[in-house]
Amino acid sequence: MDFGPTEEEAAFRTELRSWLATALPRLPPKPSPDDWPGRRAYDTHWQRMLYDAGYGRLHWDADPGLRLVFLEETELAGAPYVGANFVGLLHAGPTIAAEGTPEQRERWLGPILRGDEIWCQGFSEPGAGSDLAALRTRAVRDGDAYVVTGSKIWTSHAEVADWCELLVRTDPAAPRHRGISWLALSMDAPGITVRPLRTLAGTAEFAEVFLDEVRVPAAHRVGAENDGWRVTMVTLSFERGTAFAGEVVACRRTLAALAAAARETGRWDDPVLRRRLGRLHAEFTALWRLVQWNVSEARTGGTVPGPGGSVFKLRYSGARQELYETAAEVLGPDALDLGREWAVDRLSSLSYTIAAGTSQIQRNIIAERLLGLPKGGA
């Protein structure tokens, strides 16, 4: 398989680099990590700059190769990531583009791409995390609306979100995977309570969301009633597909910086550390090739990523954790100082084998959908 750039990709890379060189100096100062209203304003300002320059569509409405160039070059340039609107840009937006009605695409895609509206994700529940199909949040049809009651947890950026991609149970009598629907919930609807959750690193990007007889128009259901599990698999395929591509580039930059820091501190003399850095270099090079392979597959297999994204997610989660454990070795006692570079990233890396589907779930997907192995029985 040829991973070399096409003429269109090479020309696009040159054009994008030129634009980034002029656009990034015009950004305002970055707000503090826990200032979520400020971060929302900063992230949406950057998204509007991308949109006005013609780059907003690259999040999903573009050739996969151009999207990959965009993710690589923006990360290499130190540009802001999707930030507070990662759910809208990387999950909900692509899902609505693939599964929504023309009216739904008209209503929601433009505001997401312009940075006008922020989305959060209402999937996990206190009793339904990895076993997502066990969700219990109920939605009862009442005329032209659903009345929703229940709670969600680990909802990213809920306190600054305008909309939520919400999974609900619309038929409790149906088999677990067949009675679920995917709704777009307006976060200013009456009956919603948001309680921020503070993480190990001290930030509050997650929240609990409580829903007390919240009315959601039936027109805000994406996909057919009780077909939400299939729609959710579309969402998760985007989440596990190219969503982490920019992070692979960032990890490769961090790895190079770690090697330089080890030379400065004398840790480079440790042959075990050098071997570990070398193995990580090979791992992230392979992961980047896997991203390129997934992009090539997307060109021929349609707009929705396939289960190959689970292979990437599984390997990337472990590699990222090992990278920042190696950073702790280089930092020594300073790894406990959250003000030091890499210290907070080390803490956040612990969540990667859980977030976006646990590593155990990814292994099941790989075994059943890629290798054709039977499902485990009693």
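Taking the C-alpha atoms only, the angle from helix 271-301 to the longest principal axis of the chain is near 40 degrees. In this label model, Arg274 and Ala41 are separated by 5.1 nm, measuring between points 7 Å along each Cα→Cβ vector. I need the shape label for region 240-371. Rule: rounded when a/c is under 1.5, else prolate if a/b > b/c, else oblate, with a, b, c from the alpha carbon gyration tensor. Prolate. Between the alpha-carbon centres of region 83-105 and region 7-36 there is a gap of 23 Å.
Coupling constants for region 42-57 follow from the phi torsions by the Karplus curve (6.51 cos²θ - 1.76 cosθ + 1.60, θ = phi - 60°), and in residue order they are 5, 5, 6, 4, 5, 4, 5, 4, 4, 5, 5, 8, x, 9, x, 5 Hz; glycine and proline get x. Mean sequence separation of contacting Cα pairs (under 8 Å, at least six apart), scaled by the length of region 240-371, corresponds to a relative contact order of 29 percent.
Label positions at Leu24 and Tyr81, each projected 7 Å from the Cα along the C-beta direction, are separated by 1.6 nm. All other residues whose Cβ lies under 10 angstrom from that of Trp119 are scored, Lys and Arg at +1 and Asp and Glu at -1, for a net of -3.
Between Glu7 and Ala260, the modelled label-to-label distance comes to 3.7 nm, taking each label 7 Å out from Cα in the direction of the beta carbon. The length gained on full extension between Gln321 and Glu225, counted as 0.36 nm times the residue separation minus their Cα-Cα distance, comes to 30.7 nm. Computed from Cα atoms, the angle from the helix 228-240 axis to the main principal axis of the chain rounds to 10 degrees. Solvent exposure of region 240-371 amounts to 48 Å² per residue of accessible area, where only protein heavy atoms count and the probe is 1.4 Å. Over the chain, what is the mean sequence separation of C-alpha contacts under 8 Å (at least six apart), divided by residue count, expressed as relative contact order in percent? Here the relative contact order equals 14 percent.
Setting aside same-chain residues fewer than 8 positions from Lys375, which lysines have a Cα under 21 Å from its Cα? List returned: Lys313. Per-residue ellipticity at 222 nm, computed for the chain from helices alone with -39500 (n - 2.57) per DSSP H run of at least four residues, works out to -15000 deg cm²/dmol. Just how far, in whole angstrom, is region 115-178 from region 201-275 if you go by their alpha carbon centroids? If we compute the Cα centre of each part, the gap is 20 Å.
Report the FRET efficiency, 1/(1 + (r/R0)^6), for Ala250 and Thr193, where r is their Cβ-Cβ distance and R0 is 30 Å, rounded to 0.05. Let's see the in-between values first.
Working: r = 35 Å, r/R0 = 1.16.
Step by step, r from the Cβ atoms, then E = 0.30.
The values are calculated or read from the model by the stated rules, or taken from the named source; none is laboratory data. All values derive from a computational prediction rather than experimental measurement. No Cβ is skipped: glycine too gets one built from the backbone with ideal geometry, and neighbour counts run over all protein chains shown. Calculation scope for accessible area: heavy atoms of the full protein, side chains included, ligands and nucleic acids excluded. Shrake-Rupley method; radii C 1.70, N 1.55, O 1.52, S 1.80 Å.
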